[in-house]
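The values are calculated or read from the model by the stated rules, or taken from the named source; none is laboratory data. Keep in mind the model is a prediction, meaning the values are calculated, not measured. Heads up, the Cβs are rebuilt from the backbone with ideal geometry, glycines too, and the neighbour counts pull from every protein chain shown.
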Amino acid sequence: MTDPRASLAPGVLDALRAACAAARSATDDDLLELARLRSAALLGTGAETSARPWGMVAPERLAALDRWPTAEVFDERDRAALALTEQFVLDVTGVAAGPLGPAAASMGASVVPFVQGLYLLDVGQRIAVVLGRLFDTIVTSDDWAWPDDDASVPDDPMEAVMSLLAVIGRGRALDPITAELVRLRGARLHRCRRCQSVRSVAALEAGADLDLLAAEDPATVVDLDVAGRAALALVDATFVGPPSLDDDLVGALRGAFDDGQLVDLVGYLLRNAANKVAVAFGADEAIVTDGFEYQVIDADGETITVDAPT
């Protein structure tokens with residue numbers, strides 16, 4: 001087993017596998033396989049192309065995948081799904097006003113679990129690259145997308161995704177200020193309106209102030225330590241373009257965090273990036289018009305909205 005979560009966060013890995021299985025069961029797994037391979041090409045995750053296929057795709061379609069807009073082996077539904085895939089991976093903010101409509105027209109209600117599957121494919125591959133670099137291994141969806149035969153898999157992929165987010169949320173190895181700065185950096189990259197309107201009570205109680213959390217670049221407000229700078233750089237390295245960590249960043253992260261903290265940090269990248277689903281559907285509007293929505297993550301890993309701290 002090459003995925004470090006197998007030993008360091010087995011509950012997270014089991015929940016991720018269940019979510020992937022639920023997505024395959026709830027939508028056309030052949031379309032998800034096209035999406036897996038196309039996203040791998042866009043993200044530069046070459047090892048993923050030899051991983052276990054998520055669905056059956058004819059050889060002639062595989063050979064023409066880089067020419068999908070014009071190749072005759074793809075029909076309107078295929079093209080709609082692949083256009084949605086590319087936009088989701090490259091810039092999720094363009095999905096709702098762009099390829100979502102044609103995809104919904106072609107795919108019907110199954111477009112919802114398809115987008116949930118895209119989240120798992122896109123962010124799952126990004127996270128796999130990060131874990132591979134941090135732990136000097138190769139991680140593919142062979143490791144993180146296939147539950148044991150006797151594992152319980154929800155019928156509803158959203159239920160499975162929510163269970164995954166809760167399992168990650170139970171992790172407490174990361175200090176709350178770093179966790180909140182990382183969450184907000186990802187929210188700004190994906191332009192999730194609700195995420196940007198939320199503030200973590202745990203971070204505020206740990207000493208963060210609203211000016212720090214509002215800063216596009218927290219380093220302009222406080223003198224961030226090596227851990228804080230490295231964690232924010234990791235967000236950018238994971239989500240801005242194809243995932244890529246240079247040796248300096250790997251060294252900084254390995255020096256600032258132990259193995260458990262690194263897996264927790266990477267888990268929170270996966271958790272936070274679930275906002276891509278909401279942004280893709282244009283369902284990310286803030287629920288407050290003034291001030292902030294205050295949240296805590298309870299002992300079960302559930303995110304709860306609470307009154308403003310005093």
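Any chance you could count how many residues in the stretch 288-310 are in contact with a strand residue (DSSP E or B) (Cβ under 8 Å, 6 or more places away or on another chain) and either within 25 Å of VAL167 (Cα to Cα) or aromatic (Phe, Trp, Tyr) (or both)?
Count: 12.
Within the stretch 85-100, which residues are farther than 16 Å from ALA283 by Cα and in contact (Cβ under 8 Å) with a residue 40 or more places away in the chain?
THR85, GLU86, VAL89, LEU90, listed by residue number.
For the stretch 88-99, give me each residue that is part of a helix (DSSP H, G or I) and either modelled with pLDDT under 95 or surrounded by fewer than 21 Cβ atoms within 10 Å (Cβ to Cβ) (or both).
Across the stretch 88-99, the qualifying residues are LEU90, THR93, GLY94.
Test each condition in (1) assigned to a helix (DSSP H, G or I); (2) under 20 Å from the mean Cα position of the chain (by Cα) for ALA227 and report the one that comes out false.
Single failed check for ALA227: (2).
When you look at VAL296, is it of a type in the set (Val, Ile, Thr) and in a helix (DSSP H, G or I), yes or no?
It is false that VAL296 is of a type in the set (Val, Ile, Thr) and in a helix (DSSP H, G or I).
Filter the stretch 100-120 down to the residues that are crowded, with 21+ Cβ neighbours inside 10 Å and either more than 18 Å from ASP28 (Cα to Cα) or in contact with an Asp or Glu (Cβ under 8 Å, 6 or more places away or on another chain) (or both) and list them by number.
Within the stretch 100-120, PHE114 is the sole residue that qualifies.
Looking only at the stretch 5-22, decide whether some residue is outside the structural domain of VAL240 (by TED's automatic domain parsing), more than 22 Å from LEU269 (Cα to Cα), of a type outside the set (Ser, Thr, Tyr) and in a helix (DSSP H, G or I).
No, because not a single residue in the stretch 5-22 is outside the structural domain of VAL240 (by TED's automatic domain parsing), more than 22 Å from LEU269 (Cα to Cα), of a type outside the set (Ser, Thr, Tyr) and in a helix (DSSP H, G or I).
Keeping to the stretch 134-169, report how many residues are touching a residue at least 40 places away in the same chain (Cβ under 8 Å) and under 17 Å from the mean Cα position of the chain (by Cα).
Residues meeting the conditions: 18.
Evaluate the following for VAL139: is it modelled with pLDDT of 95 or more, outside any helix (DSSP H, G or I) and not assigned by TED's automatic domain parsing to the domain that holds VAL235?
Spelling it out, VAL139 is indeed modelled with pLDDT of 95 or more, outside any helix (DSSP H, G or I) and not assigned by TED's automatic domain parsing to the domain that holds VAL235.
Mind counting the residues in the stretch 278-293 that are part of a loop (DSSP other than H, G, I, E, B) and at negative phi?
10
Looking at this structure, is ALA160 under 18 Å from ALA9 (Cβ atoms), modelled with pLDDT under 95 and among the hydrophobic types (A, V, I, L, M, F, W, C)?
For ALA160, the condition - under 18 Å from ALA9 (Cβ atoms), modelled with pLDDT under 95 and among the hydrophobic types (A, V, I, L, M, F, W, C) - is not met.
From ALA256, ALA227, ALA233, ALA273, grab the single residue that is without any contact (Cβ under 8 Å) to a residue 60 or more places away in the chain, in contact with a Phe, Trp or Tyr (Cβ under 8 Å, 6 or more places away or on another chain) and buried (at least 17 other Cβ atoms within 10 Å of the Cβ).
ALA227
Of the numbered conditions (1) crowded, with 22+ Cβ neighbours inside 10 Å; (2) closer than 30 Å to LEU204 by Cα; (3) of a type outside the set (Lys, Arg), PRO157 fails exactly one; give the number of that condition.
(2)
Return the residues of the stretch 34-56 that are over 23 Å from VAL130 (Cβ atoms) and surrounded by fewer than 21 Cβ atoms within 10 Å (Cβ to Cβ); say none if nothing qualifies.
PRO53, GLY55, MET56
Those residues that are of a type in the set (Asp, Glu), part of a loop (DSSP other than H, G, I, E, B) and farther than 26 Å from GLY255 by Cα, I need them from the stretch 188-224; list them, please.
Within the stretch 188-224, just ASP209 meets the criteria.
Between VAL198, VAL161, VAL167, which is in contact with a strand residue (DSSP E or B) (Cβ under 8 Å, 6 or more places away or on another chain) and within 20 Å of TYR119 (Cβ to Cβ)?
Answer to the check: VAL198.
Considering ALA233, ALA252, which residue is part of a helix (DSSP H, G or I) and closer than 28 Å to VAL95 by Cα?
Only one candidate passes the filter, namely ALA233.
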